[in-house]
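Chemist: Here it is: the structure, laid out below.
The values are calculated or read from the model by the stated rules, or taken from the named source; none is laboratory data. Keep in mind the model is a prediction, meaning the values are calculated, not measured. We place every Cβ from the backbone using ideal geometry, glycine too, and count neighbours over all the protein chains shown. Calculation scope for accessible area: heavy atoms of the full protein, side chains included, ligands and nucleic acids excluded. Shrake-Rupley method; radii C 1.70, N 1.55, O 1.52, S 1.80 Å.
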Amino acid sequence: MTPISRGFRGRRRPDVDPARVPPGQYVETDFPVLSYGPTPHRRTEDWSFTIEGAVEQPRTWSWDELIALPRETPTVDIHCVTKWSKLDTAWEGVSVDLLLDEVETDAGFLTAFSDGDYTTNLALEDVTGGRAWVVHTFDGAPLEPEHGGPARLLVPHLYFWKSAKWIRGFRLTEQDEPGFWEVNGYHNRGDPWREQRYWND
Ligand SMILES: Nc1nc2c(c(=O)[nH]1)N[C@H]1C(S)=C(S)[C@@H](COP(=O)(O)O)O[C@H]1N2
Ligand SMILES: [Mo]
């Protein structure tokens with residue numbers, strides 16, 4: 001008799017090193033969609049990315065300019081505050097270091113803003129040093145609108161709500177200004193390894 005292969009018993013929890021999974025999280029093999037509000041469908045011809053606010057000169061990139069910039073291919077684990085984590089997600093995009101190098105600023109914070117009014121706040125030190133990207137490709141294909149296409153922010157060392165979908169730019173600020181979820185009870189920084197889920201964690 002042939003033993004029943006594991007593949008026929010439905011979805012299993014993948015075998016993973018538990019040290020890669022932050023406290024309170026479980027590993028998801030699908031890629032759930034979590035969006036507050038409808039999915040915008042912006043054509044790349046009408047897309048641009050702007051760094052504005054507390055900068056000497058604002059800087060804007062068109063879609064063609066952005067995708068012509070040097071690319072990085074981060075493969076990273078992502079962690080949603082609703083407790084799913086997805087390991088080894090493969091992206092392609094532009095390092096935030098490279099974009100911020102194009103402006104002069106003394107600001108310590110930024111608000112990432114998106115089509116559809118979503119915002120999220122980040123300290124500059126959380127998006128520099130090779131830890132954040134504006135990504136336009138997932139698993140070798142153009143990023144789907146549901147997952148934030150044409151481009152989204154990727155800040156994998158913080159909970160995934162910080163990775164703003166449908167991103168259109170950064171507004172640099174001298175004071176930290178809580179974004180959409182941060183004013184609605186989520187933690188201001190959101191480090192999954194410290195379980196910083198809600199404002200009092
Ligand atoms: N613009 C925008 N970005 C967003 C969200 C959103 O509702 N709007 N949801 C956030 C949350 S809570 C999560 S978990 C991830 C979900 O990304 P996904 O739908 O690609 O899984 O996007 C984040 N970025
Ligand atoms: Mo989330």
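Chemist: Looking only at the stretch 120-132, which residues are within 28 Å of residue 37 (Cβ to Cβ) and either among the acidic types (Asp, Glu) or assigned to a strand (DSSP E or B) (or both)? Show your work before the answer.
Modeler: Within the stretch 120-132, the first condition is being within 28 Å of residue 37 (Cβ to Cβ), and the residues that meet it are 120-124, 126-127, 131-132.
Passing the criteria: 120, 121, 122, 123, 126.
Chemist: Here's something else I'd like to know. Which one is nearest to ligand 1 (Cβ to nearest atom) among residues in the stretch 178-195 that are more than 26 Å from residue 72 (Cβ to Cβ) and outside any helix (DSSP H, G or I)?
Modeler: It comes out as 186.
Chemist: So which strands (runs of 3 or more DSSP E) are wholly in the stretch 11-119 and hold at least 3 residues that are within 12 Å of ligand 1 (Cβ to nearest atom) and at pLDDT 95 or above? If you could, list the steps in order and put the result at the bottom.
Modeler: Working: elements: 48-53, 59-62, 75-79, 84-95, 109-114.
Output list reads 84-95, 109-114.
Chemist: How many residues are on the phi > 0 side of the Ramachandran plot and under 16 Å from the mean Cα position of the chain (by Cα) when one looks only at the stretch 146-187? Steps first, please.
Modeler: Step one: list which residues in the stretch 146-187 are on the phi > 0 side of the Ramachandran plot, which gives 148, 166, 169, 185.
If we keep only those that are under 16 Å from the mean Cα position of the chain (by Cα) too, we end up with 148, 166, 169.
Total meeting the criteria: 3.
Chemist: What are the residues in the stretch 35-58 that are exposed (fewer than 15 other Cβ atoms within 10 Å of the Cβ), in contact with a helix residue (DSSP H, G or I) (Cβ under 8 Å, 6 or more places away or on another chain) and closer than 25 Å to residue 83 by Cα, if any?
Modeler: Correct list: 36 only.
Chemist: Another question, if that's okay. In the stretch 142-177, which residue that is over 21 Å from residue 100 (Cβ atoms) and open to solvent by 50 Å² or more (accessible area, probe 1.4 Å) is nearest to ligand 1 (Cβ to nearest atom)?
Modeler: Per the stated criteria, the residue is 146.
Chemist: Another question, if that's okay. Consider only pairs whose beta carbons are under 8 Å apart and that are at least six residues apart or on different chains; among these, list those whose first residue lies in the stretch 7-22 and is farther than 25 Å from residue 196 by Cα and whose second residue is among the basic types (Lys, Arg) and modelled with pLDDT under 65.
Modeler: Between residues of the stretch 7-22 that are farther than 25 Å from residue 196 by Cα and residues that are among the basic types (Lys, Arg) and modelled with pLDDT under 65, the close pairs are 12/6.
Chemist: Let me ask something else. Among the residues of the stretch 183-201, write down those that are in contact (Cβ under 8 Å) with a residue 60 or more places away in the chain and open to solvent by 70 Å² or more (accessible area, probe 1.4 Å). Write out each step before concluding.
Modeler: Going residue by residue through the stretch 183-201, those that are in contact (Cβ under 8 Å) with a residue 60 or more places away in the chain are 186, 188-190, 192-193, 195, 197.
Result: 189, 193.
Chemist: Are any residues in the stretch 122-133 open to solvent by less than 30 Å² (accessible area, probe 1.4 Å) and either within 13 Å of ligand 1 (Cβ to nearest atom) or charged (D, E, K, R) (or both), and if so, which ones?
Modeler: 122, 126
Chemist: Does residue 85 fit the bill of being of a type in the set (Gly, Ala, Ser), under 23 Å from residue 25 (Cβ atoms) and either open to solvent by 10 Å² or more (accessible area, probe 1.4 Å) or out of contact with any Phe, Trp or Tyr (no Cβ under 6 Å at 6 or more places or on another chain) (or both)?
Modeler: Values: of a type in the set (Gly, Ala, Ser): yes; under 23 Å from residue 25 (Cβ atoms): yes; either open to solvent by 10 Å² or more (accessible area, probe 1.4 Å) or out of contact with any Phe, Trp or Tyr (no Cβ under 6 Å at 6 or more places or on another chain) (or both): yes.
Yes, satisfied.
Chemist: Would you point out the residue of the stretch 105-121, among those that are closer than 18 Å to residue 54 by Cβ and within 15 Å of ligand 2 (Cβ to nearest atom), that is surrounded by the fewest Cβ atoms within 10 Å (Cβ to Cβ)? Even if it seems obvious, please write down each step before you answer.
Modeler: At the first step, the residues of the stretch 105-121 found to be closer than 18 Å to residue 54 by Cβ are 105-113, 119-121.
Now restrict to residues that are within 15 Å of ligand 2 (Cβ to nearest atom): 112, 119-120.
Details: 112: 25, 119: 17, 120: 25.
Among residues in the stretch 105-121 that are closer than 18 Å to residue 54 by Cβ and within 15 Å of ligand 2 (Cβ to nearest atom), the one surrounded by the fewest Cβ atoms within 10 Å (Cβ to Cβ) is 119.
Chemist: Being within 17 Å of residue 182 (Cβ to Cβ), more than 13 Å from the chain's Cα centre (by Cα) and acidic (Asp, Glu) narrows it down to one residue among 117, 139; which is it?
Modeler: On the way: 139 fails: within 17 Å of residue 182 (Cβ to Cβ).
Sole residue among the options that is within 17 Å of residue 182 (Cβ to Cβ), more than 13 Å from the chain's Cα centre (by Cα) and acidic (Asp, Glu): 117.
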